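> Have a look at this one.
Read the figures in this text as sums done on the coordinates, not as results from a lab. On a predicted model such as this, the values are computed, not experimentally measured, just so you know. Positions of Cβ are backbone-derived with ideal geometry, glycine not excepted, and every protein chain shown enters the neighbour counts.
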């Protein structure tokens, strides 16, 4: 008789601990998402006001705003679906490399010299584009079970 009481108490304690743990994890999850989203908005606003005080926006500035846009979209998608969209990370990397390539060409490029850095960065962008293609093909050909259940 006493053993059944102990097992029932242990089961109730385990259920309570699981529920409390889930609440704490969810609270941290939402708090972290709001903090990341706020940091993205804050950084984008500071970059935008910096452009406004400068009086013009360069292509680097516009690409930086696209990076902030992609990060914000990534946070929004993660907030709604609880899934990290890997493609958006690749898009951020491609935009950052494009920004690097454009600023490097504007600052250091002279037509007479062949620069291997430009080829390396261009190759990295191509590789990321191919990775995006593979991910899109894979997700359409082999959808996850959860994604198939949502339809």
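> If I model a spin label as a point 7 Å beyond the Cα along the Cα-Cβ vector, how far apart are those points for residue 105 and residue 6 in nm?
For residue 105 paired with residue 6, the spin-label model returns 7.5 nm.
> Per DSSP helix of 4 or more residues, -39500 (n - 2.57); summed, then divided by the residues of the chain. What does that give at 222 nm, rounded to the nearest 500?
On the way: 5 runs with 131 residues, N = 151.
Rounded to the nearest 500, the figure is -31000 deg cm²/dmol.
> State whether region 12-150 is rounded, prolate or oblate according to the following rule on the C-alpha gyration tensor (a ≥ b ≥ c being the square roots of its eigenvalues): a/c under 1.5 gives rounded; otherwise a/b larger than b/c gives prolate, and the remaining case gives oblate.
oblate
> Provide the FRET efficiency to the nearest 0.05 for the residue 36-residue 116 pair, computing r from the beta carbons and using R0 = 35 Å. Walk me through the numbers before you get to the answer.
Details: r = 36 Å, r/R0 = 1.03.
After rounding to 0.05, the efficiency reads 0.45.
> While we're looking at this one, here's another question. Give the calculated FRET efficiency between residue 49 and residue 141 to the nearest 0.05, with a Förster radius of 41 Å applied to their Cβ-Cβ distance. Please list the in-between numbers first.
Values: r = 45 Å, r/R0 = 1.09.
Efficiency at R0 = 41 Å is approximately 0.35.
> Any idea what angle helix 116-141 forms with the longest principal axis of the chain, computed on alpha-carbon atoms, 0 to 90 degrees, nearest 10?
40
> Taking 0.36 nm per residue of sequence separation and subtracting the Cα-Cα distance, how much length would be gained by fully extending the chain between residue 15 and residue 27, in nm to one decimal?
Numbers: separation 12, 0.36 × 12 = 4.32 nm, distance 1.83 nm.
Residue separation times 0.36 nm, minus the Cα-Cα distance, leaves 2.5 nm.
> Still on this model: What residues of region 57-89 lie in the reach of a label at residue 131, counting those whose backbone N is under 11 Å from a point 7 Å from the Cα along Cα→Cβ?
86-89, by backbone N distance to the label point.
> Distance between the C-alpha centers of region 3-39 and region 68-140? Whole Å please.
Taking the Cα centre of region 68-140 as reference, the centre of region 3-39 is 37 Å away.
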